Structure formats: C-alpha cells, structure tokens
Amino acid sequence: MSDLGFRAMALTFKVRDFFSPRIDILKEAGIKEGHHVLDFGCGSGSYLLAVAELVGKSGKINALDVQSLAIEMVKKIAAKNKLTNVETILSDRETGLADESIDVALLYDVFHDLADPEGVLKELHRVLKVDGILSLSDHHMKHDEILSKVTNENFFRLLKKGEKTYSFARVK
C-alpha cells in the first residue's frame, strides 16, 4: 500500500474509532493488567491507547506491521502519550519475540490480506503462552472461512465467538 493510501486508511480509522471505540472490541479479548500483547498488523495504532489502558504500566505492547509508516505512527502515539512499554516490529511475519512470551495476540482486520497466513499463525502459536489467546476480527471474511483457516493446521481451536471478535486458544 502506498503512503498516501495508508494515510487515507488511517484517517478513515479515526472516524471509525470515534463511533466505535476500540476499547469495546478489546474487552472481548480478555486483556488484563500486566499482560504482554502483540498487535499483529497494528496499522496506524488504532488499538494502542486502549491496549495500554488495559495492560497498565506493568504490561507490554509489541506493535508489528509491514508498513514503515505504520511503525512511525505507533512510535509517535507512544511518545506523545509517554508509553514506555511499547515496542515496534517492522515485519510481515517474524516477530523476533521469545517462545511463549505473549498473553494475547491481536489479529484485527488484517488476516484476509496476509501473504502467508499459515506462516503467521505458526509464528503466533510459537509466541503465545500455553494459555494465550488469539483474538481475531476480520469483517472481510465470513464465519466459516475464518474458522477453517485458523483451525486448519491445528495451531488453534475456537474458544468463543464474541459480538465483535473470535477468541482462539493455542493448541499445545
């Protein structure tokens, strides 16, 4: 995506977030104070402040995106809001995070667009703790498509379908 296209998308998200606050979606993910969260495909940082509120100062946020402009935007939001527990990762799949180091991985509005969805799911499986949660939302995909693609390789099983998200448990 071009920088101009990305900026237009970011503006659209600001309008969306005004009418549908991201905290309402994140509540379904079960994020708690002290959790380590990976926002895979963080985009312009729409979820960053809401995640920071939920994890508190004792938690940690890793924001990953393939777009360098997205990473710049997240860094600016973190700096402006004095969030010292945010780290960014410029990548399309590999996180560089330790095995079983993440409590909740967010995969919001990006799954349909991944070049290597199986590789991403494998990486998320690796970094999620044994009791970790993959929280997924993608309005570009139908229910059956999401379920079949996420559970196909036996990395994850459906834990629950919320109003706005799917929660998947990591299969050991």
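Observations on the model:
- Added length on full extension, which subtracts the Cα-Cα distance from 0.36 nm per residue, Arg157 to Glu53: 34.7 nm
- Residues Ile23, Ile133 arranged by fewest to most Cβ contacts within 10 Å: Ile23, Ile133
- Relative contact order (percent, whole number), the range 3-170, Cα cutoff 8 Å, 6+ residue spacing: 19
- Highest average first, the peptides 38-47, 61-70, 25-34 ordered by how many other beta carbon atoms sit within 10 Å of their residues are 38-47, 61-70, 25-34.
- Cα centroid separation, the range 120-172 to the range 15-84 (Å): 19
- Scaled against the 2.2 N^0.38 Å expected of a compact globular protein of N residues, the Cα radius of gyration of the range 61-155 reads 1.12.
- Quotient of C-alpha Rg and 2.2 N^0.38 Å, computed over the chain: 0.95
No value in this document is a laboratory result; all are computed from the given coordinates. Please read these numbers as outputs of a predicted model, since none were measured by experiment. Here Cβ is always computed from backbone atoms with ideal geometry, including for glycine, and neighbour counts include all displayed protein chains.
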